[in-house]
Amino acid sequence: MSPIQLFDSASCTYTYILFDKDSLEAVIIDPVDEQLQRDLQVLRDHRLKLVWALETHAHADHVTSAGLLAEHAGARTAAPEACHIGTAAVQLSDGQTLAFGAQTLRCLHTPGHTAGSMSYFWQTESGGHVFTGDTLLIHGCGRTDFQSGSPEALYHSLTQVLFRLPANTTVWPGHDYQGNTHSTIGQEMQTNARVAGKSLAQFVETMNNLNLPKPKRIDEAVPANLTSGLRHDAGGDAPMQVRPAQGYAGDVSPQLAWAWVQAGEAVLVDVRTDAERAWVGFVPGAQALAWKQWPGMAMNPEFDAGIQKLGEGGKKLVLLCRSGVRSVAAAQRATDLGVAAYNILEGFEGDPDSNAQRGKLGGWRHHGLPWQQN
Ligand SMILES: [Fe+2]
C-alpha cells in the first residue's frame, strides 16, 4: 500500500490520503483549503470514509481545510499538542497512535521547523512510510527562523528520530519545489544537502544564514490554521484585526482573542455571572471575574480589584460576556483603572436569532473555539 499523493501548485504543498483497503477508512495529512473540492472528489472516487484530518504543524504558507473536512466528510481533526491548534478534536503527543481500519499511524514528535512539528509513521505489509511535513524535505529540510523554530532541535529530530527509522522507509515530504515526490531515509542520510555528514555546529551555522524571505501568507495562514482553517470571514483577514473602540483598547473577534491567548499575549477574562458559566458553559483556562452577579445583576464589588490584579501581569486582557454588551462596560471600567482591555465581539453565545437561539448567529461557540460544560 502506498499513500495517494496530491499537490497544491500555489504553495508546493503535498497532501496525502492513506486508507485501509478493507474498511476503506482514510486519513488525510496536511490538506489545503483551496483544494477542498479536489480532495472530496478523490475520497468519493475511491469510496473512502475519511476518519482523520491531520496536520504535521501549524503551516505558515497555506490554510488548512481540516475544519471544513470535518464538516463535509465527518472526519475528526487531530494536530500535535504543542502546535496549539485548539480546535483540533484530538491533541497528539509523541508515540501516540491513530487507527484507521486495521491500519495504524504512529506520531513522532520532530520539533525544529516549529516546536510542535510531528512526523507520522505508517507500517504497511510492503514497507514503512513516514510523512515528515517540513521537518525533512527531499535533499533539504524546513526553515527554523520563525514560528518557534530551532536549528538545534531540528538537527536532533533529523539525526536521532527520523534517521533511526529503517533505511528503506519511504519519505513523503510536506513540500517539494523541484518536482521530487518521495525519497527514502537511507538516501536522505547519505545525500541530504543540509544534514548528511554535517555536525550540529555546521548545521546550525547553515540554518542561521539562509536569509530567506518571510512566507507570503504567514500573517493570514498561521492564525487561520490555529483554528483548523475555519475563519468565518467572507472578507479575508478582517476578523484578525483589532477594531478601534471608544473608551477602551478595542474590539476583537473571538478568533483573534483566542489566537492571542494561544500565543501567550493575552489573558481571557470571563465577565459573566457564576451562574452563566455553570449552566451555559465556560472556556477552559479563562479567568472568571463577574462584572455583575445574579441574582439581581448587582455590580460585583470585587471587579475593580480583580481586574487590576489581572492587569498586573502585563498581558492584554480580552473580556468575554454573553453577547458582547457587558464586556464593553467592563472594558471601559478597566481602561479607567489603567488596564489595557479589549472587548470580544459577539460574546460566548452570540446574538439571539429570530427564535432567540443564541450560538446560531455568532460568538465564541459558533466559531468552533474551545469550551466546556460542567
Ligand atoms: Fe511549515
Legend entry - Residue match in the stretch 233-249 (condition: in a strand (DSSP E or B) and not basic (Lys, Arg)): no
Legend entry - Search result, residues across the stretch 80-121 that are assigned to a loop (DSSP other than H, G, I, E, B), modelled with pLDDT of 95 or more and among the hydroxyl-bearing types (Ser, Thr, Tyr): Ser93, Thr110, Thr114, Ser117
Legend entry - Failed item in (1) part of a strand (DSSP E or B); (2) surrounded by fewer than 23 Cβ atoms within 10 Å (Cβ to Cβ); (3) of a type in the set (S, T, N, Q), with Gln37 passing the rest: (1)
Legend entry - Looking only at the stretch 70-79, and only at residues there that are outside any loop (DSSP other than H, G, I, E, B) and at pLDDT below 90, the one that is surrounded by the fewest Cβ atoms within 10 Å (Cβ to Cβ): Glu71
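Yes/no matrix, rows are residues, columns are (1) outside the structural domain of Thr87 (by TED's automatic domain parsing); (2) closer than 30 Å to Gln357 by Cβ; (3) touching a Ser or Thr at 6+ places or on another chain (Cβ under 7 Å):
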{"site": "His175", "(1), (2), (3)": "no, no, yes"}
{"site": "Gly179", "(1), (2), (3)": "no, no, no"}
{"site": "Met189", "(1), (2), (3)": "no, no, no"}
{"site": "Pro239", "(1), (2), (3)": "yes, yes, yes"}
{"site": "Ala263", "(1), (2), (3)": "yes, no, no"}
Inset, instruction - Output the qualifying pairs, or none if there are none: Cβ atoms under 9 angstrom, residues six or more apart or on different chains, first residue in the stretch 193-207 and of a type in the set (Lys, Arg), second residue in a loop (DSSP other than H, G, I, E, B) and crowded, with 20+ Cβ neighbours inside 10 Å. - result: Lys198/Asn192
Inset, instruction - Only one of these is crowded, with 22+ Cβ neighbours inside 10 Å and in contact with a strand residue (DSSP E or B) (Cβ under 8 Å, 6 or more places away or on another chain): Phe7, Phe19. Name it. - result: Phe19
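Can you name the residue in the stretch 311-331 that is surrounded by fewer than 17 Cβ atoms within 10 Å (Cβ to Cβ) and in contact (Cβ under 8 Å) with a residue 40 or more places away in the chain and, of all such residues, is nearest to Val252 (Cα to Cα)? Break it down into steps so the answer makes sense when it comes.
The initial filter retains those residues of the stretch 311-331 that are surrounded by fewer than 17 Cβ atoms within 10 Å (Cβ to Cβ), namely 312-315, 325.
From what's left, in contact (Cβ under 8 Å) with a residue 40 or more places away in the chain: 313, 315.
Numbers: Gly313: 20, Lys315: 15 Å.
Only one residue tops the list, namely Lys315.
Is it fair to say Asp30 is within 17 Å of Thr227 (Cβ to Cβ) and at pLDDT 95 or above? If you could, list the steps in order and put the result at the bottom.
Details: within 17 Å of Thr227 (Cβ to Cβ): yes; at pLDDT 95 or above: yes.
Yes.
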Legend entry - Contacts under 9 angstrom Cβ, first residue in the stretch 48-63 being at pLDDT 95 or above, partner basic (Lys, Arg) and more than 12 Å from the ligand (Cβ to nearest atom), 6 or more apart: Val51/Arg76; Trp52/Arg76; Ala53/Arg76
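Residues that are of a type in the set (S, T, N, Q) and either farther than 16 Å from Leu256 by Cα or touching a strand residue (DSSP E or B) at 6+ places or on another chain (Cβ under 6 Å) (or both): list the helices (runs of 4 or more DSSP H) wholly contained in the stretch 266-357 that include at least 3 such residues.
Those helices (runs of 4 or more DSSP H) span 326-336.
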Inset, instruction - Find all pairs meeting these conditions: Cβ atoms under 6 angstrom apart; at least six residues apart or on different chains; first residue within the stretch 113-127 and in the same structural domain as Thr15 (by TED's automatic domain parsing) and within 15 Å of the ligand (Cβ to nearest atom); second residue at pLDDT 95 or above and hydroxyl-bearing (Ser, Thr, Tyr). - result: His113/Thr135; Ser117/Thr110; Ser117/Thr135; Met118/Thr56; Ser119/Thr110; Ser119/Thr132; Ser119/Thr135
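How many residues does the stretch 136-145 hold that are within 9 Å of the ligand (Cβ to nearest atom) and crowded, with 24+ Cβ neighbours inside 10 Å? Talk me through it step by step, then tell me what you get.
Filtering the stretch 136-145 down to residues within 9 Å of the ligand (Cβ to nearest atom) leaves 142-143.
Restricting the remaining residues to those that are crowded, with 24+ Cβ neighbours inside 10 Å gives 142.
Within the stretch 136-145, residues that are within 9 Å of the ligand (Cβ to nearest atom) and crowded, with 24+ Cβ neighbours inside 10 Å number 1.
The values are calculated or read from the model by the stated rules, or taken from the named source; none is laboratory data. As the structure is a prediction and not an experimental result, all values here were calculated from the model. Cβ coordinates were reconstructed from backbone atoms using ideal geometry, including for glycine residues, and neighbour counts include every protein chain displayed.
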